[in-house]
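Everything on this sheet refers to the single structure shown next.
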Amino acid sequence: MVIKRKNKLNLSTSTRELIIDEAERIIAIAGLEGLKLDDIADILGIKRPSLYTHFNGRDGILTAVAERTPLPTSLNLYTVKPWPRNALVAVDGKLLFVLVDSYYGGAGRQAANATREKLTPTEQRLNKIVVDLVIEHFRRAFAPVAALEFQHVQTEINPNYVSVATPSEAVVVTRLEVTLNEAGGAVSLVLPLSSFDSVRDKLAEGLKSVSAETRQRWRHSLRAQLEHTQLDLATVFLEAELTMRELLQLKPGDILPIEMPKTATLRAGSRPLLRGKFGRSRGYNAVSVVEAVKTGALPINEEAIR
């Protein structure tokens, strides 16, 4: 049974996207067999023939939904003896597609999205080669402090069937970006932070023996990486409290009054970084930076890490 919206939507130039959105919602609730054109038209408040303006029927809508669905990521679960926790190696489905395309003599082109429930035999083989390489390098890197033995448990593409940690646990993620002819994807090794408890002291001892030259190289490398980190800055000019009734009664043309603040705070996530004044520059809305936001963070003692 499809759950229908009580209020009809106001359509704009995004009608095609709204149709795809509703199709995805219906499929998630009622499955493929529950997808009916009459239901989509009724929910969106349009007539069924209007759907054919954007799609050539039900099959066209299903194709559009499939194109939105990402290629399956290979999730490979391993036990790590003698550590008590499991490890996860995730291989991006786009990377597998590129590897297969290159393997068969292609140019390593970027994958088009496709809905699949399992990896092809060739993808499975290449997935094993990639995962084995990642595990072997990790095992060799930790050989001085622990003799690790990885044993394969399962490979899935459904994340609901694989778990290495609870949502509240901290994990260590090592991510590698692999590209072939400007296309590719990521390989990620995930371990719960608690996995390293048994070797924590040995790892700390190893850091003490690191030469000053190596520490200096690490410091410069870390600084260089941080300087090129991409931050998404955002500022909020309006925050209003509305009751649910008031929210549901809003319609196109309604006006929410805005009292512009004297300064705008630019944030990266929830962390305030800069303050500035809102205005226009070269015909665009802009914020003129006035000062950096002072936080309670302690200053970095560069001498201590040299």
Q: Out of the residues in the stretch 268-282 that are charged (D, E, K, R) and in contact with a Ser or Thr (Cβ under 7 Å, 6 or more places away or on another chain), state the one that is surrounded by the most Cβ atoms within 10 Å (Cβ to Cβ).
A: Arg275
**Q.** Residue that is modelled with the highest pLDDT, among those in the stretch 218-233 that are surrounded by 10 or more Cβ atoms within 10 Å (Cβ to Cβ) and outside any helix (DSSP H, G or I)
**A.** Leu233
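Any residue at all in the stretch 160-172 that's of a type in the set (D, E, K, R), exposed (fewer than 13 other Cβ atoms within 10 Å of the Cβ), out of contact with any Leu (no Cβ under 6 Å at 6 or more places or on another chain) and more than 30 Å from Pro121 (Cα to Cα)?
Residues of the stretch 160-172 of a type in the set (D, E, K, R): 169.
Then drop every residue that is not exposed (fewer than 13 other Cβ atoms within 10 Å of the Cβ), which leaves 169.
Filter once more, so that each one left must be out of contact with any Leu (no Cβ under 6 Å at 6 or more places or on another chain): 169.
So of that shortlist, the ones also more than 30 Å from Pro121 (Cα to Cα) come out as 169.
So far as the stretch 160-172 goes, yes, one or more of its residues are of a type in the set (D, E, K, R), exposed (fewer than 13 other Cβ atoms within 10 Å of the Cβ), out of contact with any Leu (no Cβ under 6 Å at 6 or more places or on another chain) and more than 30 Å from Pro121 (Cα to Cα).
Identify all residues within the stretch 263-306 that are basic (Lys, Arg) and at pLDDT 80 or above; write none if there are none.
Within the stretch 263-306, the subset basic (Lys, Arg) is 267, 271, 275, 277, 280, 282, 294, 306.
Within the stretch 263-306, Arg267, Arg271, Arg275, Lys277, Arg280, Arg282, Lys294 meet the criteria.
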Q: Tell me, please, whether a residue that is exposed (fewer than 10 other Cβ atoms within 10 Å of the Cβ), small (Gly, Ala, Ser) and assigned by TED's automatic domain parsing to the domain that holds Val289 can be found in the stretch 236-253.
A: yes
Q: Being loosely packed, with under 14 Cβ neighbours inside 10 Å, in a helix (DSSP H, G or I) and of a type in the set (Val, Ile, Thr) is the filter; apply it to the stretch 114-152 and report the residue that is nearest to the chain's Cα centre (by Cα).
A: Ile129
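Taking the stretch 77-135 only, how many residues are basic (Lys, Arg) and modelled with pLDDT of 85 or more?
Of all residues in the stretch 77-135, those basic (Lys, Arg) come to 81, 85, 94, 109, 116, 118, 125, 128.
With the extra rule that they be modelled with pLDDT of 85 or more, the set shrinks to 81, 85, 125, 128.
Within the stretch 77-135, residues that are basic (Lys, Arg) and modelled with pLDDT of 85 or more number 4.
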Q. Is it the case that the stretch 240-252 has a residue that's modelled with pLDDT under 80 and not in a strand (DSSP E or B)?
A. yes
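Residue by residue, here is whether (1) modelled with pLDDT under 80; (2) under 13 Å from Lys94 (Cβ atoms); (3) in contact with a helix residue (DSSP H, G or I) (Cβ under 6 Å, 6 or more places away or on another chain); (4) not β-branched (Val, Ile, Thr) holds:
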| site | (1), (2), (3), (4) |
| --- | --- |
| Glu156 | no, no, no, yes |
| Ser168 | yes, no, no, yes |
| Thr179 | no, yes, no, no |
| Glu182 | yes, yes, no, yes |
| Val190 | no, no, no, no |
Q. Among Thr166, Thr179, Thr155, which is the only one that is assigned to a loop (DSSP other than H, G, I, E, B), in the same structural domain as Tyr78 (by TED's automatic domain parsing) and not hydrophobic (A, V, I, L, M, F, W, C)?
A. Thr166
Q: Give me a count of the residues in the stretch 24-59 that are among the hydrophobic types (A, V, I, L, M, F, W, C), modelled with pLDDT under 85 and farther than 23 Å from Lys251 by Cβ.
A: 7
Q.
If I filter the stretch 209-217 for residues that are surrounded by 10 or more Cβ atoms within 10 Å (Cβ to Cβ), within 32 Å of the chain's Cα centre (by Cα) and not basic (Lys, Arg), do I get at least one hit?
A. no
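The values are calculated or read from the model by the stated rules, or taken from the named source; none is laboratory data. Small disclaimer: the values here were computed from a predicted structure and weren't measured. Methodologically, a virtual Cβ is constructed for each residue, glycine included, from the backbone with ideal geometry; neighbour enumeration extends over all protein chains shown.
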